[in-house]
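The block underneath contains the structure these notes are about, expressed in structure tokens.
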Amino acid sequence: MKFCILSWEFKKEHSYFKTHMNLTEVMPIDKVYREAYETGLQMIESGARKQDVLVFLTKSAEKAAGADTVSSILLLDKEGLLRNGASPKLPHDYLKAIDGLKPDPFVGTCATAAATGLVVVTEDFSADNKWAELRHLPQSLGFYGAWSTPILTDTGKVLGTFGTYFRRKRTPTEAEIKGVKLLASVASLALLSKSND
């Protein structure tokens, strides 16, 4: 099945939005991602809390990718530091340890994705120098690797990151990358919308 990525135009005087199909960006999307995408849009349009939308998106990414994954959304604050946005399966101590990370192309996956605006993949924490100072944190939770995609506005501004940790050594599939990018577009819309905080 084919599904269209949508670009968004906000109406400042209204809480709703318009969608515009870009037929040059058509990709096959797994059913779980597609349904999560549609549900996420419905949540935003109905005025759901941004936090609720973000939690729903992380849980949907985990459902689609399998039981060996844990997803996390980090958001850039006004000072340009990464803060927890939605990480329902990560313990408080871990989130506290990574709180306030500065975007850096040489640190971790999410900090690198936030700094570069690109998808970043770490198959093995032990073999990636970007994790030299941090690898003990995810490894203590039984994670082997991670990947992250930036949450972007339609002009390319980075709002945060959508990361996924793996409990076994592997890389994201093409379907997972495409699917999470789709969910990240919903996260971007939620963050920019007038829905309740």
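The residues in region 153-190 that are under 19 Å from ASP52 (Cα atoms) and assigned to a strand (DSSP E or B) can be counted, and the count is 6.
Among residues of region 90-105 that are among the charged types (D, E, K, R), those with a beta-carbon under 6 Å from a residue that is surrounded by 11 or more Cβ atoms within 10 Å (Cβ to Cβ) and assigned to a helix (DSSP H, G or I) at least six positions away or on a different chain give the pairs ASP104/ALA111; ASP104/ALA115. Pairing each residue of region 175-197 that is at pLDDT below 95 with any residue that is surrounded by 22 or more Cβ atoms within 10 Å (Cβ to Cβ) and aromatic (Phe, Trp, Tyr), provided the two are 6+ apart or on different chains, yields no C-beta distance under 6 Å.
Residue count for region 53-88, restricted to those that are hydroxyl-bearing (Ser, Thr, Tyr) and not in a helix (DSSP H, G or I): 4. Selection over region 156-184 of residues that are crowded, with 20+ Cβ neighbours inside 10 Å and either closer than 17 Å to THR122 by Cα or among the hydroxyl-bearing types (Ser, Thr, Tyr) (or both) gives a count of 9.
Are any residues in region 95-130 in contact with a Pro (Cβ under 8 Å, 6 or more places away or on another chain), not aliphatic (A, V, I, L, M) and not in a loop (DSSP other than H, G, I, E, B), and if so, which ones? Within region 95-130, THR112, THR116, PHE125 meet the criteria.
For region 56-69, the condition holds for no residue, the condition being that it is modelled with pLDDT of 95 or more, surrounded by fewer than 17 Cβ atoms within 10 Å (Cβ to Cβ) and β-branched (Val, Ile, Thr).
Among the conditions (1) under 17 Å from the mean Cα position of the chain (by Cα); (2) on the phi > 0 side of the Ramachandran plot, the only one that GLY142 does not satisfy is (1). Condition (residue is in contact (Cβ under 8 Å) with a residue 24 or more places away in the chain and of a type in the set (D, E, K, R)) applied to region 107-124: is it met by at least one residue? Within region 107-124, one or more residues are in contact (Cβ under 8 Å) with a residue 24 or more places away in the chain and of a type in the set (D, E, K, R).
The values are calculated or read from the model by the stated rules, or taken from the named source; none is laboratory data. Everything quoted here is computed from the prediction, not taken from an experiment. Here the Cβ is made from the backbone with ideal geometry for all residues, glycine too, and neighbour counts use every protein chain on show.
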